[in-house]
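**Student:** Take a look at this one; I'll ask things after.
Just so it is clear, none of the values below were taken in a lab; they were calculated from the coordinates. Source: prediction; values computed, not measured.
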């Protein structure tokens, strides 16, 4: 009889866990911060090893990467060409936020739509750069979603531009991790 009660209690606990998992996924999933009302993915910190210039690292635990071995940083700003993940990670280590886009993700955008998306994101990033925030914008091919917002160990990815969401991410995650005191 005690084994049966234990079995029933175990099944009830498993049901509660399953319902909680469904609620988390249905609400956007992942972790969140009180000042960022959207669900984000958080990833294990892969360390802060500095790689020699030109060396690549192929074992990041997210795409785009959010932590781990990295190469030289780039200036915060707006880029028309992709930036290697190894450089993006170094900028995140300095407390920065990277706003990345892939016009081929999901339903691909045509050239005009892609240029419009890039211009809208560049406007948001430019305003933040003018305010002294550590943020960069670049295309990043090969993402699952069209837009990715990254901070150290943190990723929010979605397909339709939401300017308020982008700004909220910058406000919530910029300079939240800055071990080098940049």
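**Student:** In square nanometres, what is the average projected area of the Cα convex hull of region 34-173?
**Tutor:** Numbers: hull surface 31.5 nm².
Mean projected area for region 34-173: 7.9 nm², to one decimal.
**Student:** Continuing with this model, one more query. Write down Rg/Rh for region 128-182, rounded to two decimals, with Rg from the C-alpha atoms and Rh from the Kirkwood relation over Cα pairs.
**Tutor:** Numbers: Rg = 11.9 Å, Rh = 12.3 Å.
Rounded to two decimals, Rg over Rh is 0.96.
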